[in-house]
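The structure appears below as structure tokens.
We did not get these values from a lab; they are worked out from the coordinates using the rules stated. The structure presented is a predicted model; accordingly, all values stated were derived computationally and were not measured. Note that each Cβ is placed from the backbone with ideal geometry, even for glycine, and that neighbours are counted across all protein chains shown.
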Amino acid sequence: MSTVTARIPEETAAKLNALAKATNRSKSFIVANALEQFLEEQTWQVARIHESVAQADAGNFATDGEVKDAFAKWGLNVDAD
């Protein structure tokens with residue numbers, strides 16, 4: 001297991017202390033769980049971005065019709081002129 005030191009605002013530290021006390025968990029446990037969730041989310045997003053860039057580099061773009069259909073699902077009528 002590794003140790004990481006981070007500077008956080010006093011307000012954030014107070015919230016962390018309060019949560020640790022309320023849940024009877026250590027601050028380290030809460031921070032480790034929060035960091036793991038953040039990293040999973042960011043890793044997923046970065047992977048999707050890389051996939052999207054690869055698709056764009058390969059020239060794989062949505063057609064005008066596909067774009068219109070996507071907007072129509074949200075009740076938006078778009079004319080790409």
Subject >> Projected-area mean, the chain, by convex hull of Cα positions, square nanometres >> reply: 10.4
Subject >> Proxy reagent accessibility, fewest Cβ within 10 Å first, across Val4, Val31 >> reply: Val4, Val31
Subject >> lysines with Cα under 20 Å of Lys27, excluding same-chain neighbours fewer than 8 positions away >> reply: Lys15
Original post:
Which whole-Hz ³J(HN,Hα) couplings does the stretch 54-63 yield from phi under the Karplus relation 6.51 cos²θ - 1.76 cosθ + 1.60, θ = phi - 60°, glycine and proline marked x?
Top reply: 4, 5, 5, 4, 7, x, 8, 10, 5, 6
Original post:
How many nm is it between the label spots at Ala22 and Trp74, if each spot is 7 Å from the Cα in line with the beta carbon?
Top reply: 3.3
